[in-house]
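Chemist: First, the structure itself, so that you have it in front of you.
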Amino acid sequence: MFTMKNTLLASVLTMASLPVMAAKPLTNEVECMAISQTAERIMAYRQTDGNTIGPMFSFIVAATNLGEYKELTKRIVIDAFKEPSYGSDKYKAKAISEFSSEYFIDCLEAYNGEL
């Protein structure tokens, strides 16, 4: 049975694999945006009521399309599940935005040496 949770998990993994599937080398900014979008989707999954880390982690462990991004994707999932899950849509949106922005900034800083 293909549930909404499975659809969301598949969506997250598709986003996580974008840098790997690129036909040509990506710029730092494009790669960081893809990582940020992955973080955003993972945190959105985290903020959905009733979602747990187990199914997400199982999908990532089994994924063959993540290449070099598999360990990073695992790290994003762990970091997301260390954050609280909020009941209010306002706080969920804020948590998602802040989490993805943090990954974008960290990525740029890693490429550019603390900007």
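No value in this document is a laboratory result; all are computed from the given coordinates. What you see is a predicted model, and the numbers here were worked out from it, not measured in a lab. FYI the Cβ positions are ideal-geometry reconstructions off the backbone, even for glycines, and counts take in every protein chain you see.
Chemist: Need one number: nm distance between label points at Asn65 and Ile53, each 7 Å from Cα along Cα→Cβ, rounded to one decimal.
Modeler: 2.5 nm
Chemist: Positive end of the charge dipole of region 42-115 (Lys, Arg +1 and Asp, Glu -1 on Cβ, about the Cα centre): tell me which of Thr64, Ile76, Leu108 has its Cα farthest that way.
Modeler: Thr64
Chemist: Continuing with this model, one more query. ³J(HN,Hα) across region 95-105 via Karplus (A = 6.51, B = -1.76, C = 1.60, θ = phi - 60°), whole Hz, x for Gly/Pro?
Modeler: 4, 5, 4, 5, 5, 5, 5, 4, 5, 5, 5
Chemist: For Glu83 and Ala110 in the same chain, what is the full-extension length gain: residue separation times 0.36 nm, less their Cα-Cα distance, in nm?
Modeler: Values: separation 27, 0.36 × 27 = 9.72 nm, distance 2.25 nm.
7.5 nm is the gain from fully extending Glu83 to Ala110.
Chemist: Could you check the spin-label model distance between Tyr91 and Thr27? Points 7 Å from the Cα along Cα→Cβ, value in nm.
Modeler: For the pair Tyr91/Thr27, the computed spacing is 3.9 nm.
Chemist: May I ask for the net charge around Lys82, where only other residues with Cβ less than 14 Å from the Cβ of Lys82 are counted and Lys, Arg are +1 while Asp, Glu are -1? Write out the running numbers ahead of the final one.
Modeler: Working: positive: Arg46, Lys74, Arg75; negative: Asp79, Glu83, Glu98, Glu102.
Combined, the nearby Lys, Arg, Asp and Glu give -1.
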